[in-house]
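What follows is a single structure, written as structure tokens, with notes after it.
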Amino acid sequence: MQKKDLRSSADIVNNNIKNNIEIITSVVYKYDVKKLIEQIKTLSKKDKDKVLEICINDCLTEIQKYTLNENQIRKLGHDTDEIIDFYQDDGLEEIMEEASEVAFDLIMKLINHNGRKLPLPIEIEYLKTYCIHNLVKEKDIQTTLLFILLELSSVCYCLKHNDYNEVSK
């Protein structure tokens, strides 16, 4: 190969790398979960809760359309963790963990795991009273609900964009 052709090929490789790096570095790696509801901040607490309730039920209704086994749910959990990591906040680790546990417990109830059933629609008060543990302070309940919604939304996204039928038993 001639030196000119080699240079042209090298330029192509360098340009591909440069373009990839530009895309990689343009990605935002830290999102604020509270900004998800910024547009509804003027609503009353009751109305904010109702909006979150509607969104959570939308996700649960979508998830209910799928037939999932425990292995698929485990894989889903891994895939959603990769999304949730972009919302990682050192001050909210306990809240995030609680939200993840609640979200996946709701999903397990949706698939009737261990004979437990989740009738839809679910009320936000049910989540506050029976699902979120006492360790979450009252002032952090709405943030916990946001993370539950984020977990469920991530599951919906993953179900639409990944094939979980290949996950073995």
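Observations
- Condition check for Lys46: modelled with pLDDT of 90 or more, out of contact with any strand residue (DSSP E or B) (no Cβ under 6 Å at 6 or more places or on another chain) and among the basic types (Lys, Arg): yes
- Scan of the range 123-163 for residues that are assigned to a loop (DSSP other than H, G, I, E, B) and of a type in the set (Asp, Glu), ordered by number: Glu123, Asp163
- Just one of (1) within 18 Å of Cys59 (Cβ to Cβ); (2) of a type outside the set (Lys, Arg); (3) in contact with a helix residue (DSSP H, G or I) (Cβ under 7 Å, 6 or more places away or on another chain); (4) in a helix (DSSP H, G or I) fails for Leu120. It is (4).
- For Glu151, the criteria (1) open to solvent by 30 Å² or more (accessible area, probe 1.4 Å); (2) under 23 Å from Lys41 (Cα atoms); (3) charged (D, E, K, R) hold in every case but one, which is (1).
- Selection status of Glu93, in contact with a His (Cβ under 9 Å, 6 or more places away or on another chain), open to solvent by 60 Å² or more (accessible area, probe 1.4 Å) and either assigned to a helix (DSSP H, G or I) or polar (S, T, N, Q) (or both): no
- Hey, Asn112 more than 18 Å from Leu149 (Cβ to Cβ) and surrounded by 13 or more Cβ atoms within 10 Å (Cβ to Cβ) or not: no
- Residues of the range 94-123 satisfying the condition of being of a type in the set (A, V, I, L, M) and over 16 Å from Ile84 (Cβ atoms): Met108, Leu110, Ile111, Leu118, Leu120, Ile122
- Qualifying positions in the range 33-71 - among the hydrophobic types (A, V, I, L, M, F, W, C) and in a helix (DSSP H, G or I): Val33, Leu36, Ile37, Ile40, Val51, Leu52, Ile54, Cys55, Ile56, Cys59, Leu60, Ile63
- Residue match in the range 1-24 (condition: assigned to a loop (DSSP other than H, G, I, E, B), modelled with pLDDT under 90 and among the polar types (S, T, N, Q)): yes
- Checked against (1) closer than 30 Å to Asn165 by Cβ; (2) surrounded by 10 or more Cβ atoms within 10 Å (Cβ to Cβ); (3) of a type in the set (Lys, Arg), Lys65 meets all criteria but (2).
- Taking the numbered list (1) more than 19 Å from Cys55 (Cα to Cα); (2) among the charged types (D, E, K, R); (3) in contact (Cβ under 8 Å) with a residue 60 or more places away in the chain in turn, Asp89 passes all entries but (3).
The values are calculated or read from the model by the stated rules, or taken from the named source; none is laboratory data. Bear in mind the structure is a predicted one, so any value in this text is a computation, not a measurement. Virtual Cβ from ideal backbone geometry, glycine too; neighbours counted across all protein chains shown. These area figures cover heavy atoms from the full protein model, side chains too; ligands, DNA and RNA do not enter into them. Shrake-Rupley method; radii C 1.70, N 1.55, O 1.52, S 1.80 Å.
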